Every structure is written in structure tokens, then in C-alpha cells.
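What follows is a set of notes on a single structure, which appears directly below.
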Amino acid sequence: MRSFLLAIAGFALALSPLAAQEVDTNTRAGLAQILQAPDGTRVVVIGNTMLNLPPDAYIADFQARVGDLLLVGYSAGGNACPRLYTWVHATPGDIRRSEEFGTCAELTGVTWDAQTLRVSMPSAEPGQGPVTFIYDGKNPVWLEQAALANSGMAAGDWGFWIGRYPFDFLAAGELQLPLRALMGEAALLRAQTLMELANPMEQDGEWVVGRGCKKFSCDQDRVAVAVNIRDGRMLVAMAQADRAPQIWGYAGGFLPLALREIMGQ
């Protein structure tokens, strides 16, 4: 454990997180390489020592280095899970790797202090904030879940959402309580899940409106949101292949076009 901490501390003096795009693979234990095994999967070789990656690692590369530790990203290819990760120890006499971790998302940052390494990335779950995977070189990697970030909107400035994306509206930290009160937690989660593809929100009368759909099923799984630019009233309409269209909120005398289309009007 002491050698792990010293390796981090010594390297951190020279580099800031993600300062370099190219990873130096000349380690104290020898040259680090990612090679192809006979079955097409990838393995990590440190000097003369080989480490197996998970059996579905058909694509792999070095993402970052902190002292004697190399962060390897890998995937099976395709779009189902673009990337998972593992820490590889390139320490003389102690060549090994951590268990795999990740949310299938690309990492957004690698940071460290004298005790731990931290890899941050978006959550895999709609409606949840980013996650950080923490590693101390001794214990299994553990996860830290952050709260959803606030949008940055000033109080009452609902025009803020013009030109912004509706999935950001549904995921704004300060809007989670009113949205849950409007439609319930389960329906909100469904709406967040469906809002994968979307265009920027636009003004329609006194409403700011956005619409989106689930990738590969936009003809069946659709959602639209609206917020009144004067008083902040919210509307959400949702249509799914296995459910009748639903709408939440009070529109008054005018229902924006995007929501009328969801409701088949």
C-alpha cells in the first residue's frame, strides 16, 4: 500500500489530471503494451508479464497514467457498451489489475490525491447525477454517486430554456421535486429514459417546448415537455408502444403543438 501511495504522489507532482493526451507506456516494470491474443481479444503486457483483460475485451487502449498505474479502457465493440475500465499496476514485483468498472460511458475526468484515484463519468441511469469510481490500490473499486446538477437558471427566468435541450430540462436538479410532484417518480423516470434524441427547445406562444424520442423507436416512444414562460407551469406528454398516450399538467386554453401531436390531436 505504501508503494502505491508513493507512486501516485511522485507522479502527481509533475502532471495535472488529463494534462496529456498521449499516455507514456515506459513504466518502471517495463514497456506496457496492449496486444491481440489468438482468439481476437486483447491482453496487457508489462515487460515480460501478461495480464488478461475481461473475455469481451476486443478493443482496448490506455486512457491515462498515474505513476505506476495505467487506466485501460476496453469494449466488445458496437454501441451497446462503448467502454468499461480497469486499473493496471505496472509496479516491479506487483503487476496486476483491478476489477473492471464503469457505466459504459466515456470518462469525463481522472483525478487523484495521495490516497486514491478517481475516475468520473455519467451515470448509466436516467435521472441520476454523474458517478465517480474510487480506487486505493488495495480494496475493490467503489462508487460515489453525485446529485443531479442544477441547470443554472435564475429564479423565475423560464425563458432560460429556449435553445436548451429537453433532456437537460428533465434532468435539472432543481426541477426534480416539481416534476415528481407533477407526474410521479416512475413516470418521470420513463420520460427521462425516452428522451434520448432531441432538438433544442423553442417558444410556442407563452410556452417553451421541447420534444424527443427513444433511439431506434422514434415512431413509437416519444415525449414532449413544456414550461410556461410567465408562471413556470409544466406540462409533460408521453407516448409509448405499450401504453396509451398520457399528459400531466394543466395547459389552460392552449396546448402546444408538440404535446398535441403526442396526444394524437
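Read-outs: derived from the displayed coordinates by stated rules, not from any lab. Everything numeric in this text was worked out from a predicted model, so none of it was measured. All Cβ positions, glycine included, derive from the backbone under ideal geometry; neighbour counts span all protein chains shown.
Remark: the chain carries a charge dipole of roughly 160 debye about the Cα centre, counting +1 on each Lys and Arg Cβ and -1 on each Asp and Glu Cβ. Checking every one of the chymotrypsin sites (Phe, Trp or Tyr not before Pro) in the range 198-251 against DSSP loop status and a limit of 15 other Cβ atoms within 10 Å picks out Phe216, Tyr250.
Label-to-label distance for Asp94 and Ala146 is 2.9 nm, based on points extended 7 Å past Cα in the beta-carbon direction. Per-residue extension of 0.36 nm, minus the Cα-Cα distance of Arg243 and Asn139, leaves a gain of 32.9 nm for this segment.
Our summary of shape: the Cα atoms of the range 77-231 have principal axis extents of 69, 36, 26 Å, ordered from largest down, in whole angstrom. Here the simple spin-label model places points 7 Å from the Cα toward Cβ, and for Asp113 and Ala155 these points are separated by 3.3 nm.
When you filter the GluC sites (Glu not before Pro) in the range 99-183 for DSSP loop state and at most 15 other Cβ atoms inside 10 Å of their Cβ, you are left with Glu99, Glu106. Fully extending the segment from Asn79 to Thr25, taken as 0.36 nm per residue of separation minus the present Cα-Cα distance, adds 16.6 nm. Each residue, Ala187 and Thr49, gets one label point 7 Å from its Cα in the Cβ direction; the gap between the two is 5.7 nm. Placing +1 on each Lys and Arg Cβ and -1 on each Asp and Glu Cβ, with no other charges, gives the range 105-185 a dipole about its Cα centre of roughly 40 debye. Absence of a disulfide-compatible partner, taken as no other cysteine beta carbon within less than 4.7 angstrom, is noted in the chain for none of its cysteines. Summing charges over all other residues whose Cβ lies under 15 Å from the Cβ of Gln36, with Lys and Arg as +1 and Asp and Glu as -1, gives -2. Projected onto its three principal axes, the C-alpha set of the chain covers 74, 41, 28 Å, listed from the longest axis down. Among 147-154, 162-169, the peptide with the highest mean count of other Cβ atoms within 10 Å heads the list, and the full ranking is 162-169, 147-154. For Phe216 and Ala124 in one chain, what is 0.36 nm times their gap in residues minus the Cα-Cα distance, to one decimal in nm? Residue separation times 0.36 nm, minus the Cα-Cα distance, leaves 31.3 nm. Could you point to the residue in Leu71, Tyr85, Val45 farthest towards the positive end of the range 19-117's charge dipole, with +1 and -1 charges on the Cβ of Lys/Arg and Asp/Glu respectively? Positive-end residue among those listed: Val45.
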